[in-house]
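Values in this text are rule-based calculations from the coordinates and carry no lab data. Note that the coordinates shown come from a computational prediction; the quantities given were computed from them, not determined experimentally. Because the Cβ atoms are built from the backbone with ideal geometry, glycine has one as well, and the counts that use them run over all protein chains shown.
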Amino acid sequence: MSEGAAGSQWYDNEAGPLVRPYAMTGGRTQPGPTGVRFDLIALVGLDTGAPGSDDDSLLGPEHRHLIDLCRVEIQSVAELAAGTDLPVGVVRVLLGDLLERGLVTVSRPVPPAQLPDERILHEVIEGLRAL
């Protein structure tokens, strides 16, 4: 078997290098034991105050890509999946790794049921205008 034929199973001329999602996560399908849910709308930001947050030598390229995206601005899990062009399940596992290392923070947007009533906000605005 020629070297080109042997290497062809790892490379697609049209798509580029191929890496299966389970290889990126070490076969894991769930984020670590953090107990945090990575919903599509969960907001992920870089924790710049974490000790060792500048040392990413032990992280894989996918982890570093997520960190780079979070460095620009806080993003949702869905945005990170789109930005990395990875499946959401893979992104969730990788974010679990980063959360366990203390490199990212995760917050959830305020649910609509907990937002103030629109009528009250209009009354506040009218009260401020009256001043």
The listed residue being of a type in the set (D, E) and closer than 11 Å to H63 by Cα, out of D117, D97: D97
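When region 102-117 is examined, which residues are found to be surrounded by fewer than 17 Cβ atoms within 10 Å (Cβ to Cβ) and in contact (Cβ under 8 Å) with a residue 24 or more places away in the chain?
Just the residues of region 102-117 that are surrounded by fewer than 17 Cβ atoms within 10 Å (Cβ to Cβ), to begin with: 102, 107-117.
Of everything in region 102-117, those that are surrounded by fewer than 17 Cβ atoms within 10 Å (Cβ to Cβ) and in contact (Cβ under 8 Å) with a residue 24 or more places away in the chain turn out to be G102, S107, R108, P109.
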